[in-house]
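Have a look at the structure below, then the notes.
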Amino acid sequence: MVVADAGILQRTSPIFVVLIACFLFKEKFTLERFLTLTFSFIGAIFVVRPQFNSRLFPAMVAMSSALSASIAYMCVSRIGKAERTETIIFVFSLFSTIFSFPFIFKNLMIPDLKIFIYLILIGVASAVGQFGLTISYQYANASDVSIFNYLGIVFVVILGKVILGESVSIYSLIGISLIFSMSLMSYIVNSRKNKEKKA
């Protein structure tokens with residue numbers, strides 16, 4: 001399917017997280033969460049600019065990927081502080097490695113030094129991101145954390161401009177503004193709620 005279409009469908013995982021949290025785990029579905037998720041998703045559409053012309057089966061696979069990710073996030077949230085972060089990430093990595101192993105030899109290629117360095121950097125960056133994601137879901141409500149997943153799109157655009165010299169369109173700027181504003185709004189609202197609970 002078209003890469004942009006796959007990208008935007010993958011970005012539906014925060015929506016699934018909030019729905020699962022509200023219906024299965026009885027977290028409150030507030031107007032603030034609805035608005036921040038809705039406008040963040042609209043912002044993602046502005047940045048990714050999907051064509052919405054892909055076939056049904058690949059689209060369903062992309063949606064199932066988003067749903068699976070949201071279930072994983074909810075499981076981490078339910079475990080909370082009962083399990084160490086390192087253990088959760090180890091099990092996740094082990095499971096991924098075992099199930100990826102059969103596909104390694106299909107088109108096996110020995111990378112050159114440059115590609116090998118990039119692969120190492122991918123692994124390091126992914127590990128750091130996974131630690132941050134796991135810790136955030138352990139220590140906060142899943143529906144509060146999920147909105148910040150959209151900031152990944154913002155970072156991709158910024159890094160693409162700074163490192164690769166990619167152009168940033170007006171649509172991307174609109175999308176980034178929406179995503180950043182909604183994330184900031186969510187942070188402010190959650191901070192106020194936490195202060196009220198402590199008071």
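Here are the numbers for this structure:
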read-out	value
Range in the chain, longest, excluding exposed trypsin sites (Lys or Arg not before Pro) [loop by DSSP; at most 14 other beta-carbon atoms within 10 Å]	107-199
Residue order, fewest to most beta carbons within 10 Å, for 164, 178	164, 178
Cβ-based exposure ranking for 12, 87, in which fewest neighbours within 10 Å come first	87, 12
Within a Gaussian network of the chain (alpha carbon springs, distance under 10 Å), most fluctuating of 153, 120, 170	120
Rg to Rh, two decimals, where region 73-180 supplies the alpha carbon set and Rh follows Kirkwood	1.05
Size-normalised alpha-carbon gyration radius of region 82-122, reference 2.2 N^0.38 Å	1.55
Burial ordering of 74, 60, fewest other beta-carbon atoms within 10 Å first	60, 74
Structure-derived Cα extents along the principal axes in Å - corresponding label in (i) 63, 36, 24; (ii) 59, 44, 36; (iii) 44, 34, 32	(ii)
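Just so you know, all these numbers are worked out from the coordinates, no wet-lab data involved. Being a predicted model, the structure only gives us computed values, none of them experimental. Please note: Cβ atoms are built from the backbone with ideal geometry, for glycine as well, and neighbour counts cover all protein chains shown.
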